[in-house]
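In what follows, a single structure is set out as structure tokens and then discussed.
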Amino acid sequence: MYSRRVPPPVAHHRSPTAALFVGLVITLAAVVAYSGYISSQISGLRRLQNDLVDRNRKDSLQLLRIQNDLNSLALAMRDMLDNDEPYPLTAWSAQFERARADLDDALKKEEQVAVTDRTPEQRQYLGNSMGQFWDAVDRTFALAQQGNPAEARTQIQNSLQARQAALSTAVARLLVQNNESEQEAAQRISKIYDRVQRQVYLFLTATLVAILLTGLYLIRTNRSLFTQLAALSDQRSELAQKLISTQESTLRHISRELHDEFGQILTAIGSMLTRAGKHAPEASSLRSGLREVCEVAQGTLERVRSLSQALHPVMLDESGLENTLDWYLPVIERQAGIRIWYEKSGTSFPLEGNAAIHLYRVLQEALNNVTRHAGVNEAWVRLRFLPRLLELEVEDHGAGLSSNGKQQGIGLVAMRERAQLLGGTLEFTKPDQGGTLVRLNVPRENLDGHAA
Ligand SMILES: Nc1ncnc2c1ncn2[C@@H]1O[C@H](COP(=O)(O)OP(=O)(O)OP(=O)(O)O)[C@@H](O)[C@H]1O
Ligand SMILES: [Mg+2]
């Protein structure tokens, strides 16, 4: 029964390119979307920082300046009410003027940087109260100037101090408000950070999963592609080797048939014609005709024998590779019209059987290629018997193998297959002088095995 393992048929899988392309597009889109999201969050943060926190800080500074001025005014008013003071009330007017100028400036600046979430009443309140305060101050100093210090003091006590206190309270409230909104902004900022952090984790996880899935898919398709490739290569190699063995057995069969069957028939015809010729009268046309036919039969016999040899040299089986080469190289020199320099070195060992056939065919193909493609009429053949290796080289200094990798024939493929069957290596290099050097190396132990 036929029980050899047959390589599985190679299934046609869909190309992974489309899926990989989609994966790539999704990953890129995710990165772009995420970058957009992050930059919008960052610009939101920047806006918050600039619009709120910074303005709040500047506003608070101005409010503190106002509060400071108001405090110094409160101290001045306390001094003015103090009866121990030797100066007249008008002595304080310069200090009040300075404070007024500073407060005006501070109020203007405060209004510019004040955060927008303040109501119009809140905005107006400070300005109005300040205006009323200064009106009262003016009135007080006018009274003092008119020589009415007691009334002026009463005015300070009843009106000015209360107004100053109300202003101070309003400013303090605004400071508190600023502080609160600053806290709120800090909370919003920390929320943004939290959200961004969550998104970073989410994005990283999603990207990692996408990369992992794509990677796994790539590995899987890669593995299946390699398995397919290995199976194909095995099948191809097996097919080539079967072809080689079929070719060899066919050639051997035809060669033997030609040699044995036709050779014998032609030999028999020749001897019968010779015998018949002897019976014919001397110098008769029949006799000379029979001799001519006999010569034709002889010529045909020689051609059949040489064809038989060319198809499959019997010598290979009978007396080994070395003798066959001694016969074959002069023949090919004559037939192909090239000069072959043959060198043999090392201590020879017998080369017979399949190994000899493969070596012979490699040499034959290499020389064929020289005559057909190299464009020169000189070649070097070297057979080296090394201690552990047999080396066969065929060198020419012709056109050389083209480097574009395009090959039409199957000669080189068959050479490689034969090298593989021998368990050896085949390499093609370029000699210094240009051209092609084909080198076949076969370990000696393989040759012993094949010879059996
Ligand atoms: N010695 C050489 N010098 C220059 N070119 C070569 C030589 N040997 C092979 N080539 C190139 O390599 C190609 C492949 O060679 P290969 O023996 O496989 O095919 P082929 O000789 O064209 O056909 P065939 O199948 O009959 O052998 C050739 O077509 C030729 O271009
Ligand atoms: Mg060829």
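The values are calculated or read from the model by the stated rules, or taken from the named source; none is laboratory data. A quick note: this is a predicted structure, and the numbers were derived from the prediction, not measured. In this analysis, Cβ positions are derived from the backbone assuming ideal geometry, glycine residues included, and neighbour counts consider all displayed protein chains.
Here R275 does not qualify as over 50 Å from the mean Cα position of the chain (by Cα) and touching a residue at least 24 places away in the same chain (Cβ under 8 Å). Taking the criterion of being among the aromatic types (F, W, Y) and loosely packed, with under 12 Cβ neighbours inside 10 Å, the only residue of the stretch 321-341 that qualifies is W341.
Where strands (runs of 3 or more DSSP E) fall entirely within the stretch 357-434, those with at least 3 residues that are within 23 Å of G346 (Cα to Cα) and more than 13 Å from ligand 1 (Cβ to nearest atom) are at 378-385, 389-396. Cβ separations smaller than 6 Å between residues 6+ apart or across chains give the following pairs from the stretch 398-410 residues that are at pLDDT 70 or above to residues that are more than 13 Å from ligand 2 (Cβ to nearest atom): G398/G375; G398/V376; G398/G435; A399/G375; G400/K430; G400/G434; G400/G435.
Any residue that is more than 16 Å from ligand 2 (Cβ to nearest atom), among the charged types (D, E, K, R) and in contact with a Leu (Cβ under 7 Å, 6 or more places away or on another chain) - is there at least one of those in the stretch 344-364? Within the stretch 344-364, one or more residues are more than 16 Å from ligand 2 (Cβ to nearest atom), among the charged types (D, E, K, R) and in contact with a Leu (Cβ under 7 Å, 6 or more places away or on another chain). With respect to the conditions (1) closer than 30 Å to T140 by Cβ; (2) surrounded by 15 or more Cβ atoms within 10 Å (Cβ to Cβ), S60 falls short on a single one, namely (1).
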